[in-house]
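Q: Sharing a structure below in structure tokens format, with a few things to ask.
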Amino acid sequence: MTGRASRLLPQRIKMQNRETAAGQESLKRTFSKSPQFYKLTKTLFSIRLIVIFILFASGVHLAFSQENPLGQFDGHGDIGSPAIFGSASYNATNQDYTLTGGGINMWGTNDQFHFLWKKIKGDFIVRARMEFVGKGVEEHRKAGWMVRESLDSNAPYVDAVEHGVGLTSLQYRRVQGTNTAQFVMSITNADVIQFERRGSNYIFSAARHGEHFISTNFSNIALPDDAYVGLFICSHNTKVKEEVIFHDVRIIRPAKEGFVPYKDFIGSVLEILDVQSGRLEMIHRSAQPFEAPNWTRDGSALIYNISGRAEGWGRLARFDLATRQQSLIDTGFANRNNNDHILSFDGTMLGISDQSADHGGQSAVFTVPVGGGTPKQITPLMPSYLHGWSPDGKFLVYAGRRDGKFDINKIPSQGGKEIRLTGASGSSDGPEYTPDGKYIYFNSTRSGKMQIWRMKPNGEKPEQVTNDEYNNWFPHISPDGEWIEFISFPEDIDPKDHPYYKQVYLRLMPIKGGTPRIIAYVYGGQGTINVPFWSPDGRKLAFVSNTGME
């Protein structure tokens, strides 16, 4: 029997047994006047169960497993035999999960609830945006994430839970059959629920969407390395079935302890964010990492660089949004491109930053037709990392290390003399023109932390735009010139660094000023949004998140 089949078998058979019992009971009621028909149908139910058992025991996956009706999860079922059966379903179109369930409680020494689970070994980060359906009956109906030793009703567990009344808490049972306890979080009415296991530590982070996480750390529990991890719902009433919808569900396998940056890599996920609704969509996953998607001007495709160190790294690829297929872009000898690449405002040209051996492995800026062709070198000095193209097509702006420090430089798009635009203390990076060409936005450490700044196209009148506890990188201006989006790293990160594989926020603020709000909670960092990534209509953003895919 395969490992996966053997793990699934007890839960599947348990579910099939319950379905069989329910079906037989229904048949008894419906066909009580026809005993012979009932006997025949009961026999068919039993044969169905035996066939399922044989198929699983032989390692054969049933059709519904091949179609993956549970999305990212392995199985689901009721825990503790609640009086009302629950359910779990996955909508592949909008990538939502809907759970229904009964159950008297998840407290005391035994639990009753419906559980949608996946067996996970080692560290993980799981995240979802949740909403209860309807007003509900009991104020302590519960839903959230759970890590559980087994599917027994009295098993040890730890969870991250939101109650119907708005209470947010971390519940746990240390030893099988003992009483549940909890920590009550300071936040209430959270709808973004994240749960992380890091070694023996469990970190529960909760937020009201658009706000920063409030977190608590719990480590005094011994759960197996290979545990049941998943979403759950409990109605807190034996006579009631409640319903919850989980949006933007992510199961993330973070970089392993001791990984070496720029040598060790994990996989990438291409995501699209609807700016108005905040809804996310995963459209492409790859074990070979890729980074920094640009949206083509016609809105039909995304362009990103293939990274990592496997065969093909450094190539640029076009991802067709209609066919969901990737095709390589011919950039000639410039085939070691990093994640600093942009399109001209008219969409006809592609600017790239290549670090091929032909120029000492240091990044130089080239331009090439958007469909591919012979690259033309623009910057004579290296290293140079391209970030912006002027709306009139006449200039490129980029970060370059000169005299041991990164500053913002400008150069004619056909080549010419480099013009330095910044010279203040600290490092500056990520320059980008506004659509009207009146300003260049960039990030700089000149005030201490990495913050967003802007200046005139000639480098005059620099003004600080953000001033908060985060390290803010890569400002990107919406096509209508009304909004700034940027990525925020935690304050414990070196302000001059924007590393891979960190928990970061994507934030949005009006270009006229105001308080930035979080529009996405992301495991990523380097390569997530290094380049302009707005859709041409300004309604969506494309970015890269990361997860291991072993």
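The values are calculated or read from the model by the stated rules, or taken from the named source; none is laboratory data. Predicted model only: the values in this text are computed from it and were never measured. Backbone-built Cβ (ideal geometry, glycine too); neighbour counts: all protein chains shown.
Q: Restricted to region 194-210, and to residues that are hydroxyl-bearing (Ser, Thr, Tyr) and part of a strand (DSSP E or B), which residue is farthest from the chain's Cα centre (by Cα)?
A: Once the filter is applied, the top-ranked residue is Tyr202.
Q: Every residue in region 462-493 that is touching a strand residue (DSSP E or B) at 6+ places or on another chain (Cβ under 6 Å) and free of Cβ contacts under 8 Å to residues at least 12 places away in the same chain, please.
A: Hit for region 462-493 is Glu463, nothing else.
Q: With the requirement that a residue be under 17 Å from the mean Cα position of the chain (by Cα) and among the acidic types (Asp, Glu), what does region 230-251 give you?
A: Asp248
Q: What pairs come up if the first residue lies in region 148-161 and is assigned to a strand (DSSP E or B), the second is of a type in the set (Ser, Thr, Tyr), and their beta carbons are under 7 Å apart, counting only those six or more places apart or on different chains?
A: Arg148/Tyr157; Arg148/Tyr228; Tyr157/Tyr172; Val158/Tyr172; Val158/Tyr202; Val161/Ser169
Q: Would you check if there is a residue in region 298-310 being buried (at least 18 other Cβ atoms within 10 Å of the Cβ), within 22 Å of the chain's Cα centre (by Cα) and hydroxyl-bearing (Ser, Thr, Tyr)?
A: There is at least one residue in region 298-310 that is buried (at least 18 other Cβ atoms within 10 Å of the Cβ), within 22 Å of the chain's Cα centre (by Cα) and hydroxyl-bearing (Ser, Thr, Tyr).
Q: Taking only region 385-411 into account, find how many residues are among the hydroxyl-bearing types (Ser, Thr, Tyr) and either surrounded by 24 or more Cβ atoms within 10 Å (Cβ to Cβ) or part of a strand (DSSP E or B) (or both).
A: 2
Q: A follow-up question, please. Counting just the residues of region 162-193 that are of a type outside the set (S, T, N, Q) and in a loop (DSSP other than H, G, I, E, B), which one comes out nearest to Cys234 (Cα to Cα)? Outline the logic, then answer.
A: Applying the first criterion (of a type outside the set (S, T, N, Q)) to region 162-193 yields 162-167, 170, 172-175, 177, 181, 183-185, 187, 190-193.
Checking the rest, the ones that are also in a loop (DSSP other than H, G, I, E, B) come to 164-166, 174-175, 177, 190-191.
Numbers: Gly164: 10, Val165: 13, Gly166: 15, Arg174: 20, Val175: 21, Gly177: 19, Ala190: 17, Asp191: 17 Å.
Filtering first and then ranking leaves Gly164.
Q: Can you pull out every residue in region 211-222 that is touching a strand residue (DSSP E or B) at 6+ places or on another chain (Cβ under 6 Å), closer than 16 Å to Tyr157 by Cβ and in a loop (DSSP other than H, G, I, E, B)?
A: Keep residues of region 211-222 that are touching a strand residue (DSSP E or B) at 6+ places or on another chain (Cβ under 6 Å), which gives 213-219, 221.
After this cut, where a residue has to be closer than 16 Å to Tyr157 by Cβ as well, the list is 218-219, 221.
Ser219, Ile221 - these are the residues of region 211-222 that are touching a strand residue (DSSP E or B) at 6+ places or on another chain (Cβ under 6 Å), closer than 16 Å to Tyr157 by Cβ and in a loop (DSSP other than H, G, I, E, B).
Q: If you check every pair at least six apart or on different chains, which have Cβ atoms under 8 Å apart with a residue in region 211-226 that is free of Cβ contacts under 8 Å to residues at least 24 places away in the same chain first and a residue that is of a type in the set (A, V, I, L, M) second?
A: Every condition considered, the pairs that remain are Ser215/Ile203; Ser215/Ala206; Asn217/Ile203.
Q: Under 7 Å between Cβ atoms, which residue pairs at least 6 apart in sequence (or on different chains) link something in region 274-286 that is within 29 Å of Arg309 (Cβ to Cβ) with a partner that is surrounded by fewer than 14 Cβ atoms within 10 Å (Cβ to Cβ)?
A: Ile283/Arg324; His284/Arg324
Q: Now for a separate question. Between a residue in region 61-80 that is closer than 29 Å to Pro156 by Cβ and any residue that is at pLDDT below 95 and of a type outside the set (D, E, K, R), which pairs come within a Cβ distance under 6 Å, given they are 6 or more apart or on different chains?
A: From residues that are closer than 29 Å to Pro156 by Cβ, the pairs are Gly75/Leu8; Gly75/Gln11; Gly77/Gln11; Gly77/Met15.
Q: So, in region 336-384, how many residues would count as being of a type outside the set (Phe, Trp, Tyr) and part of a loop (DSSP other than H, G, I, E, B)?
A: Of the residues in region 336-384, 27 are of a type outside the set (Phe, Trp, Tyr) and part of a loop (DSSP other than H, G, I, E, B).
Q: For Phe246, indicate whether it is surrounded by 14 or more Cβ atoms within 10 Å (Cβ to Cβ), touching a strand residue (DSSP E or B) at 6+ places or on another chain (Cβ under 7 Å) and at pLDDT 95 or above.
A: Details: surrounded by 14 or more Cβ atoms within 10 Å (Cβ to Cβ): yes; touching a strand residue (DSSP E or B) at 6+ places or on another chain (Cβ under 7 Å): yes; at pLDDT 95 or above: yes.
So Phe246 fits the description; yes.
Q: Any idea which of (1) in contact (Cβ under 8 Å) with a residue 24 or more places away in the chain; (2) buried (at least 16 other Cβ atoms within 10 Å of the Cβ); (3) within 26 Å of His114 (Cα to Cα) is the one Ile203 doesn't satisfy?
A: Tallying (1) in contact (Cβ under 8 Å) with a residue 24 or more places away in the chain; (2) buried (at least 16 other Cβ atoms within 10 Å of the Cβ); (3) within 26 Å of His114 (Cα to Cα), Ile203 fails exactly one: (1).
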